[in-house]
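J.: Following this message is one structure expressed as structure tokens.
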Amino acid sequence: MTRGCVPLALGLIACRGTEVVAPALGTVRVDVAMTGVDVDRDGVIVTLDDSIAVAVPSNGSYQFSGVVIGAHHVGLGGATANCASADGLTRTVVVDASAPAVVGFTLTCAVTPVAPSGIIAFARGDTDHTYDLWLMNADGTGETRVRNAPGANDFLPSWTPDGARVVFVSGSEIAAINRDGTGFTFLTLGGAPSYTPSVSRNGERIAFSRLDSGSGYDIWVMNIDGRNPHRLTSDTAYEDHPTWSPDGTRIAFTRGYAIYVMDADGANVKRLSPAGMTNDAGPAWSPDGMRIAFHSGAGVPAHIYTVKPDGSALTPLTSGLDNDYFPAWSPDGSRIAFTSGRGGVGGIWSMRSDGTDLRRLSSGAGDLYAAWSP
């Protein structure tokens, strides 16, 4: 007498008399292809029958093995809103044991709009061998050129505290422009070459470096409209890259390739760079006022460090064989953007404020001088 067959898990195992027979199995390969401007860098999620989910790169593949022959549902999720498929994001596929069943998803990604706040201004090399002013979102999407001035270098941006305008260097003058590219205005004109502007947190003043005696640069301050320029320092050493403390009472700057701080009126100058540090530059004051980030070539190549405003707690954040320069804090102080030669090309990268979670942001081969907006 033959016993009746008892169905087993999900009906995937059959029986013939007392013999257990394994089901026929096949494979499903899922191919994902993304094209366009702001391709999703974090990849997507592919699901099989709404029960098995795997992460797949934005341009990549995954193969499900051991799939029971028959009809199955394949879905794609997790794509950013700017990436869409004309054929939808679900498929039905019939699997047999003879060859892999192939499912393809093709998505086209449009340009992501630039956010109203928390964006990054930077300089990008142009085909005319000059730099133009660009913007992008904090994740590297939405790259947008603000100004294209053939023959002129536009670089070294600094934001006004309302995030509406960018103060920057155009040629060898300090200028300002609205974030949408309108309202371009020179703030210095016809005087000595001026560089490295930094807007105070209250939006009332700009600190900058200006050529003094034909070979040396000193730190100057002027009103936000370019009026009332006056010199703060007169040291014979090269001085540049001023950055305001959040409360506007002090300025960090570079003197002779070391980091210094002083009062906003130029008094009480103090060196922060420890003995043995060389080629220190590009200081940036953290939003909470507790740390100053800068780059140093002490170890050759240059890397990003932080130090407290009293000169204590020197902390290296980056390492490796590539140069890292010119740090810039995010508005909440959680991340630092910087220029790096990682990967053999110049670009804007970001990391957490402790040096972890390194990410490349910009797509150009010669991007530099990041400035994070409020």
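J.: Which of the numbered conditions does TYR305 fail, given that it passes all the others? Conditions: (1) in contact with a His (Cβ under 8 Å, 6 or more places away or on another chain); (2) closer than 21 Å to ALA365 by Cα.
T.: Unmet condition: (2).
J.: Can you tell me which residue in the stretch 26-78 is modelled with the lowest pLDDT, limited to those that are touching a His at 6+ places or on another chain (Cβ under 9 Å) and assigned to a loop (DSSP other than H, G, I, E, B)?
T.: ASP50
J.: I'd like to verify a number: residues in the stretch 117-129 that are modelled with pLDDT of 95 or more and either out of contact with any Phe, Trp or Tyr (no Cβ under 8 Å at 6 or more places or on another chain) or not in a loop (DSSP other than H, G, I, E, B) (or both), how many?
T.: 6
J.: Can you give me the number of residues within the stretch 325-346 that are of a type in the set (Gly, Ala, Ser), part of a strand (DSSP E or B) and surrounded by fewer than 24 Cβ atoms within 10 Å (Cβ to Cβ)?
T.: 1
J.: Taking TYR260 as the residue in question, decide whether it is modelled with pLDDT of 95 or more, farther than 30 Å from ALA175 by Cβ, hydroxyl-bearing (Ser, Thr, Tyr) and assigned to a strand (DSSP E or B).
T.: No.
J.: For the stretch 166-210, give me each residue that is β-branched (Val, Ile, Thr) and not in a loop (DSSP other than H, G, I, E, B).
T.: Across the stretch 166-210, the qualifying residues are VAL166, VAL167, VAL169, ILE174, ILE177, THR185, THR196, VAL199, ILE206.
J.: Every residue in the stretch 221-271 that is among the β-branched types (Val, Ile, Thr) and without any contact (Cβ under 8 Å) to a residue 24 or more places away in the chain, please.
T.: Scanning the stretch 221-271 gives THR236, THR249.
J.: Quick check on the stretch 295-314. Is at least one of its residues hydroxyl-bearing (Ser, Thr, Tyr), touching a Pro at 6+ places or on another chain (Cβ under 8 Å), at pLDDT 95 or above and part of a strand (DSSP E or B)?
T.: Yes, the stretch 295-314 contains a residue that is hydroxyl-bearing (Ser, Thr, Tyr), touching a Pro at 6+ places or on another chain (Cβ under 8 Å), at pLDDT 95 or above and part of a strand (DSSP E or B).
J.: I would also like to ask the following. Cβ contacts < 6 Å: first residue on the phi > 0 side of the Ramachandran plot and in the same structural domain as SER172 (by TED's automatic domain parsing), restricted to the stretch 190-204; second residue surrounded by 13 or more Cβ atoms within 10 Å (Cβ to Cβ) and acidic (Asp, Glu), any location; separation 6+ or different chain. Result?
T.: THR196/ASP240
J.: Next question, about the same structure. Provide a single number: the residues in the stretch 294-312 that are of a type in the set (Ser, Thr, Tyr) and surrounded by fewer than 24 Cβ atoms within 10 Å (Cβ to Cβ).
T.: Qualifying residue count, the stretch 294-312: 2.
J.: If we keep just the residues of the stretch 293-319 that are out of contact with any Ser or Thr (no Cβ under 9 Å at 6 or more places or on another chain) and among the small types (Gly, Ala, Ser), which is farthest from ILE251 (Cα to Cα)?
T.: Going through the qualifying residues, I end up with SER319.
J.: From the set of residues in the stretch 238-293 that are of a type in the set (S, T, N, Q) and closer than 16 Å to VAL199 by Cα, which is surrounded by the most Cβ atoms within 10 Å (Cβ to Cβ)?
T.: In this case the residue turns out to be THR243.
J.: Can you spot a residue in the stretch 17-25 that is farther than 30 Å from LEU361 by Cβ and modelled with pLDDT under 55?
T.: Checking the stretch 17-25: at least one residue is farther than 30 Å from LEU361 by Cβ and modelled with pLDDT under 55.
J.: Tally up the residues in the stretch 86-107 that are without any contact (Cβ under 8 Å) to a residue 40 or more places away in the chain and closer than 13 Å to VAL46 by Cβ, please.
T.: 3
The values are calculated or read from the model by the stated rules, or taken from the named source; none is laboratory data. Computed from a prediction, not measured in an experiment: that's the story for all the values here. Note: ideal-geometry Cβ built from the backbone for every residue, glycine included; neighbour counts use all protein chains shown.
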